[in-house]
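Accompanying notes for the structure given below.
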Amino acid sequence: MPVFSASALVSPSAFSTSRWLSANIVASSSERKNVKSFAKKTLQGDSVVIEIADKKRLDRFGERHEKTRQETQYKAGDSRKFKGTADPKESTKEEVSSGYVPLPSRGDKFLEEQKVRDQALVEKQAAKREKKKGKSQVVKLKSLEPCCYGCGAVLQYTQENSPGYINAETYELKKKHHQLKSVLCSRCQLMCHGKLIPAVGGYGIYGREKGFVTAEELRAQLAHIREERVLVLKLVDIVDFSGSFLTRIRDLVGNNPIVLVATKVDLLPEGTDLAAVGDWIVESTQRKKLNVISVHLTSAKYFMGITNIVKEIHRERQGRDVYILGAANVGKSAFISSLLKEMAARDPIAAVARKRKPVQSVLPGTTVGPISIDAFASGGSMYDTPGVHLHHRIETAISPDDLPSLFPARRLRGYVVSPILERKGPESIFSEALKQAEKDEVISNVQDLTGTTMFWGGIARIDVLKAPQNTRLTFYASAALRVHKVLTSEADEFYKRELGKTLVPPSDERASAWPGLDHRNKFTFDYDDTRPVGDIAISGLGWMKMEFLQTESGVEDCLELEVYVPRGIEVFRRPAIPVGANTHSWYSFSELTAEQEKTRPRLYYSEHRGL
């Protein structure tokens, strides 16, 4: 009978069997009996010698036993398999030398999968932080630099004609004494004395002079607001409600709550019911589907509604920063000045902030950078932001020297073009129209408006293509913008002759460079003698109200108009805003359910003598 030593076996099965026999590892007594039937071991010195009766039978037995052993140990969580099916680096030196490495258990597999998921989550959160950091990096870095407290421009002493310039000596001295936060740049100093110095270029009449800030750069400074948790005060000019509303406001504020503030309500015509105006604003706002929590009617000049704003801020802020947004020249700086005055009565921090208020000016683009104002004793800041420049407003088409003529200096007074009004007694069907006409200025009494043209200064033209005899047109804008009526057949010659003289703006010296009125808008209004049929609002200018007076003849016909403005200026059609003394005769408030009342923005206003 041949005799083999354990070290002489070379096949995997034989090698496994010899290893098992040398270690005397037998799973059960039945297996031990089977082995004895064909193999016998003897001890010769320090080694084991195996006497094999049938080598093939021994190999088959070793393979079966190895398979059984692996299944048993896998269930126990300590399985083994041949080299090459697991990572040798994780095996012990003894296992590698013997040809075995460990298989991962179910627990090991779960932990490995969990580790992969955790790593993916960490990477996702890191990518989100980097994305957020990238969006706000420009603004955050800029806020660390010393800025002019009047306009928000970064202080510098290299470009003399640019915003934020101060001379080098002053800069070094203030820097040495840590007083740069109290510095007003040269441009702001001149603007405080009535100078109008543009700083925003890239559209309209403004060029791209060196050091000018573009409208796109100003808007980019506000992009980080939507990523933060803040309270937004959105300002809108009540005289130019449609043109200054910021239709893309959601792109700037995201889901942050908005407090809508209508400024300059003291300019509304005499006899206006503020409750009706506020209800009209709420209805217009709801159609835009924004997260507006309240609407406030205010006047910084007469301190109207400011107290309600302060209460709303303290109620809704909840530790958040407050950002004041709005289109250029809606009155943000004047509003902040009144706001700080009201807050200073109870907050010493706000009283200190009043010493360095933002500069006020009629020039769009006065503020060219975010201005941080420490206004809350409980922590947090209030930010005066650069006005959002809208290319569709009329101020982008005229010279800065002509801008003051666009902004009303006193209460609006309607300019009326209507049929002849004859007084027929106190109960006349014309009594309401006559009562309003006493407050407005009737510039033309005509029996037929068809075939006539009205020039609104030199910046708008309205052609009446078709109009009933009882049509009444009322123009609301600055008193400097006069309305002139001529026959449509003579309109072109009249405009060419009077532009810059009778028709201003533009003024005479800038009339030669005027681009003209080449953008046409056509409107049709159906007959309705119970209420005004609507408004036509020209962005940045004002609005015109269309209505049909009641007559005994019962004439019913539509009104057709064509409106010409400079290219790029937007014209809006909207429901008539309820202003004037006869509002109660046609404006009706909406009846709301209890559920609608909950979702409707709250309305705040305070009456002022004369309104």
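A few points about this structure:
- The condition of being outside any loop (DSSP other than H, G, I, E, B), under 22 Å from the mean Cα position of the chain (by Cα) and either at positive phi or among the hydrophobic types (A, V, I, L, M, F, W, C) (or both) holds for only one of I336, I349, that being I336.
- Residue list for the stretch 530-544, restricted to those being under 32 Å from the mean Cα position of the chain (by Cα) and either within 21 Å of S478 (Cβ to Cβ) or open to solvent by 20 Å² or more (accessible area, probe 1.4 Å) (or both): D535, I536, A537, I538, S539, G540, L541, G542, W543, M544
To keep it simple, each residue is scored yes or no on (1) part of a strand (DSSP E or B); (2) surrounded by fewer than 17 Cβ atoms within 10 Å (Cβ to Cβ); (3) of a type in the set (S, T, N, Q).
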{"residue": "S244", "(1), (2), (3)": "no, no, yes"}
{"residue": "L252", "(1), (2), (3)": "no, no, no"}
{"residue": "P269", "(1), (2), (3)": "no, no, no"}
{"residue": "T272", "(1), (2), (3)": "no, no, yes"}
{"residue": "I293", "(1), (2), (3)": "yes, yes, no"}
{"residue": "I309", "(1), (2), (3)": "no, no, no"}
{"residue": "G319", "(1), (2), (3)": "no, yes, no"}
{"residue": "V322", "(1), (2), (3)": "yes, no, no"}
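- Scope the stretch 166-185; condition among the hydroxyl-bearing types (S, T, Y) and at pLDDT 90 or above; matching residues: T170, Y171
- Close pairs (6 angstrom Cβ cut-off, 6 or more residues apart or separate chains): of a type in the set (G, A, S) in the stretch 334-346, in a helix (DSSP H, G or I) and surrounded by fewer than 17 Cβ atoms within 10 Å (Cβ to Cβ) anywhere: A344/A351
- Restricting Y527, Y564 to those that are part of a loop (DSSP other than H, G, I, E, B) and open to solvent by less than 60 Å² (accessible area, probe 1.4 Å) reduces the list to Y527.
- Top-ranked residue of the stretch 477-495 - restricted to ones that are outside any strand (DSSP E or B) and out of contact with any Gly (no Cβ under 9 Å at 6 or more places or on another chain), ranked as least open to solvent (accessible area, probe 1.4 Å): A491
Per-residue answers, yes or no, for (1) more than 28 Å from E228 (Cβ to Cβ); (2) surrounded by 17 or more Cβ atoms within 10 Å (Cβ to Cβ); (3) out of contact with any helix residue (DSSP H, G or I) (no Cβ under 8 Å at 6 or more places or on another chain):
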| position | (1), (2), (3) |
| --- | --- |
| E312 | no, yes, yes |
| K355 | no, no, yes |
| S361 | yes, yes, no |
| H389 | no, yes, no |
| L412 | yes, yes, no |
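The values are calculated or read from the model by the stated rules, or taken from the named source; none is laboratory data. All values derive from a computational prediction rather than experimental measurement. Because the Cβ atoms are built from the backbone with ideal geometry, glycine has one as well, and the counts that use them run over all protein chains shown. Just so you know, the surface numbers come from the protein's heavy atoms only, side chains and all, with ligands and any DNA or RNA stripped out. Shrake-Rupley method; radii C 1.70, N 1.55, O 1.52, S 1.80 Å.
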